[in-house]
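Notes to accompany the following structure.
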């Protein structure tokens, strides 16, 4: 084994603590991988969601709030779904009335997604060379537009209820597909 020489006094101060945590992390990982005991009932996990429940909740939202959003904002909400291995959320909508839907496509309107369970506000990520991961253009009738929101800590999961806020637009209780 080659000896490692640490020159920084700051690094020397946290190194002993780090060496104590390495075996602890291995024990936690090993404990998390222990299978349940034979005969033990496996309870539902946070990621287990019945697809029929999600479809019913989506239909209920469309009947309850979808018509109001269509009349007020001139858009038909197509849904919110997980994307990029659950690291992103994609909000899709179809423009029905281009004049009413202009605020949704305005680059100056602030957009964010709120998880109803945790209250976390997820923003639209901005890439250095691309810009915001949302469409900002002149709306056209019957065209589908999208907006991506970051889900960095994977807070929002399949079946979660979320609110989408874009400027004055507010769609509450959308179910994530």
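Taking the condition of being surrounded by fewer than 20 Cβ atoms within 10 Å (Cβ to Cβ) and farther than 14 Å from residue 124 by Cα, how many residues in region 148-162 meet it?
Counting residues in region 148-162 that are surrounded by fewer than 20 Cβ atoms within 10 Å (Cβ to Cβ) and farther than 14 Å from residue 124 by Cα gives 7.
Residues of region 137-147 being crowded, with 17+ Cβ neighbours inside 10 Å and assigned to a strand (DSSP E or B), which ones? Don't jump to the end; show me each part of the working.
Taking region 137-147 and keeping what is crowded, with 17+ Cβ neighbours inside 10 Å, we get 139, 145, 147.
If the condition is that a residue be crowded, with 17+ Cβ neighbours inside 10 Å and assigned to a strand (DSSP E or B), then 145, 147 are the ones that fit.
Between 122, 89, which is more than 11 Å from residue 169 (Cβ to Cβ), without any contact (Cβ under 8 Å) to a residue 40 or more places away in the chain and either touching a strand residue (DSSP E or B) at 6+ places or on another chain (Cβ under 8 Å) or in a loop (DSSP other than H, G, I, E, B) (or both)?
122
Filter region 125-162 down to the residues that are on the phi > 0 side of the Ramachandran plot and free of Cβ contacts under 8 Å to residues at least 60 places away in the same chain, then identify the one that is nearest to the chain's Cα centre (by Cα).
Residue satisfying both the conditions and the ranking: 131.
Within region 87-111, restricting attention to residues that are surrounded by 15 or more Cβ atoms within 10 Å (Cβ to Cβ) and within 11 Å of the chain's Cα centre (by Cα), which residue is nearest to residue 158 (Cα to Cα)?
So, considering only residues that are surrounded by 15 or more Cβ atoms within 10 Å (Cβ to Cβ) and within 11 Å of the chain's Cα centre (by Cα), the one nearest to residue 158 (Cα to Cα) is 89.
Filter region 163-177 down to the residues that are part of a strand (DSSP E or B) and farther than 15 Å from residue 104 by Cβ, then identify the one that is nearest to the chain's Cα centre (by Cα).
Only one residue tops the list, namely 176.
Just checking, how many residues over region 76-86 are touching a residue at least 40 places away in the same chain (Cβ under 8 Å) and either within 16 Å of residue 135 (Cβ to Cβ) or assigned to a strand (DSSP E or B) (or both)?
7
Rule-based calculations on the coordinates, nothing more; no lab input. From a predicted model like this one, the values you see are computed outputs, not experimental measurements. Every residue, glycine among them, receives a Cβ derived from its backbone with ideal geometry; neighbour counts consider all protein chains shown.
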